[in-house]
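The structure under discussion appears below in the form of structure tokens.
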Amino acid sequence: MKIRQAMAQIMAPTIQCQMRITKNSLTASPMTAKTWSSLLLKQKKSGNTKSLSKFRVYALKSENSTINRLENLLNLDVTPYTDKIIAEYIWIGGSGIDLRSKSRTISRPVEHPSELPKWNYDGSSTGQAPGEDSEVILYPQAIFKDPFRGGNNILVICDTYTPAGEPIPTNKRARAAEIFSNQKVINEVPWYGIEQEYTLMQTNVRWPLGWPVGGYPGPQGPYYCGVGADKSFGRDISDAHYKACLYAGINISGTNGEVMPGQWEYQVGPSVGIEAGDHIWCSRYLLERITEQIGVVLTLDPKPIEGDWNGAGCHTNYSTKSMREEGGFEVIKKAILNLSLRHKEHISAYGEGNERRLTGKHETASINTFSWGVANRGCSIRVGRDTEKQGKGYLEDRRPASNMDPYIVTSLLAETTLLWEPTLEAEALAAQKLSLKV
């Protein structure tokens with residue numbers, strides 16, 4: 001009986017144990033087809049059903065050795081044998097938030113996107129083109145090192161065009177590039193620091209990681225930056241993503257557990273201009289790949305769980321050269337005034353489902369009302385204490401949802417604060433309403 005119980009424990013390890021298996025802990029030796037035949041023959045000759053559990057252990061060892069061999073191939077460094085590299089072309093799909101990618105061989109290592117060929121894909125399969133004219137062209141725009149394949153292999157952020165060279169409707173990068181190439185914007189060197197929040201979900205059940213299925217954990221409070229098995233769910237994913245971003249060359253600046261359990265945040269920046277969007281999209285791709293590998297679902301839904309739980313945002317910190325210099329606080333206040341006058345335009349572009357998040361509760365402002373304040377996380381725009389004290393610095397736009405398009409948000413901030421000019425009458429009324437002396 002004791003032997004059978006021990007065998008049962010071997011054959012039914014816990015989920016936690018399964019997730020912690022590493023190639024160093026696999027002690028099985030490779031099992032060839034000949035070994036399998038020999039085992040089957042012995043099983044047949046003996047006719048002893050008691051040896052069935054022993055056979056299952058051999059099967060488990062074989063499975064583990066297969067994993068070993070697959071890992072060896074995945075980690076294979078081909079650099080000594082060829083100059084060729086693998087380029088993973090990445091683009092945004094038809095929903096405007098989904099990521100797609102495919103691989104191609106490049107004859108030699110490259111350092112700039114201009115060295116890479118354009119490519120194409122079937123847009124009718126991504127919701128971006130009709131079946132009778134389905135070809136969409138990929139234009140390489142930014143290169144990052146590939147942390148999954150290593151070596152000289154690369155990840156390539158692309159935007160999408162018709163064969164005639166026109167940006168397709170879901171290509172928001174092209175319009176952003178126009179704004180960031182405006183000389184007035186270039187002169188102001190716009191900096192962005194983007195706080196990307198996300199939620200990890202259990203596979204199949206679509207319920208946050210660490211939550212009892214169909215049930216709820218204790219109320220919010222102990223989870224923000226929390227430590228411990230009952231407070232932190234998914235730290236290994238966050239850490240793996242952190243290192244992958246650093247390896248890739250993404251300007252990631254930090255990470256932390258969020259207020260709702262199973263929710264995390266990472267920060268990218270400061271990044272200048274169009275680079276901010278490229279880095280956020282590549283960081284999202286890495287996160288999708290990492291969660292794919294571990295069998296956890298990533299969601300950027302701005303309010304994944306209804307009720308007394310925080311939503312997920314993508315707070316965007318923004319400054320210009322004039323804001324960062326002496327007297328910059330006055331420039332910040334003028335920018336806030338402009339933002340108040342275009343509140344509806346910004347809200348409409350700040351992410352789908354954001355009305356479920358911007359309720360005036362859980363550290364948000366109401367979606368219908370523009371507000372600003374110093375150190376106030378319940379406002380549309382927050383200004384830090386240091387910025388007020390020093391008279392220069394940056395502002396934080398707390399309105400963008402976690403599923404926002406960073407190309408849209410960053411370029412819209414630059415357009416509204418640097419290129420758009422309100423009428424004097426509208427400016428005066430807004431200043432009075434917001435108690436702003438500009």
Discussion item. Over 26 Å between Cα atoms: which of Lys84/Lys145; Lys184/Lys344; Lys102/Lys243; Lys118/Lys184; Lys344/Lys389 fall into that group?
Written reply: Lys118/Lys184; Lys344/Lys389
Practice prompt. Would you mind checking which residues have amide H under 5 Å from Asn376's amide H? H placed 1.01 Å from N; only 5 or more apart, or other chain.
Written response: Val383
Practice prompt. Pop out the carbon and sulfur fraction of the accessible area of the chain as a percent, whole number, probe 1.4 Å.
Written response: 53
Worksheet item: So for segment 85-170: antiparallel DSSP bridges make up what percent, rounded to the nearest 5?
Response: 85
Worksheet item: Among Pro217, Pro261, Pro140, which one moves the most in a GNM of the chain with springs linking Cα atoms closer than 10 Å?
Response: Pro217
Practice prompt. Report relative contact order for segment 181-434 in percent, whole number only (criteria: Cα-Cα under 8 Å, sequence separation at least 6).
Written response: 23
Fill in: 3J(HN,Hα) from dihedral phi, segment 220-230, Karplus parametrisation 6.51/-1.76/1.60, rounded to Hz, x for glycine, proline
4, x, x, 8, 4, 6, x, 10, x, 5, 9
Worksheet item: Can you give me the relative contact order of the chain as a percent, contacts being Cα pairs under 8 Å and 6 or more apart?
Response: 13
Fill in: Kyte-Doolittle mean at least -0.5, axial Cα span of 15 Å or more - DSSP H helices of the chain
52-74, 235-248, 275-294, 328-341
Worksheet, complete the sentence: Among GluC sites (Glu not before Pro) in segment 326-412, those in a DSSP loop whose Cβ has at most 12 other Cβ atoms within 10 Å are Glu326
Response to the item:
Amide H neighbours of Ala142 at under 5 Å, excluding residues fewer than 5 places away on the same chain, with H built from the backbone geometry, are Ile157
Discussion item. Please list, in order along segment 367-382, the HN-Hα scalar couplings obtained from phi with the Karplus expression 6.51 cos²θ - 1.76 cosθ + 1.60 (θ = phi - 60°), rounded to whole Hz, x for Gly and Pro.
Written reply: 5, 8, 10, 8, 8, 9, x, 8, 6, 9, 7, x, 10, 5, 10, 10
Fill in: segment 293-322 versus segment 349-372: alpha-carbon centroid distance in Å
13
Worksheet item: So which GluC sites (Glu not before Pro) in segment 130-213 are both in a DSSP loop and have at most 13 other Cβ atoms within 10 Å of their Cβ?
Response: none
Worksheet entry | Helix-only [θ]222 nm of the chain, DSSP H runs n ≥ 4, -39500 (n - 2.57) each, per residue, nearest 500 | -10000 deg cm²/dmol
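The values are calculated or read from the model by the stated rules, or taken from the named source; none is laboratory data. In this text the structure is predicted, and so the values were computed from the model without any measurement. Here Cβ is always computed from backbone atoms with ideal geometry, including for glycine, and neighbour counts include all displayed protein chains. Side chains included, ligands, DNA and RNA excluded: accessible areas come from the protein's heavy atoms. Shrake-Rupley method; radii C 1.70, N 1.55, O 1.52, S 1.80 Å.
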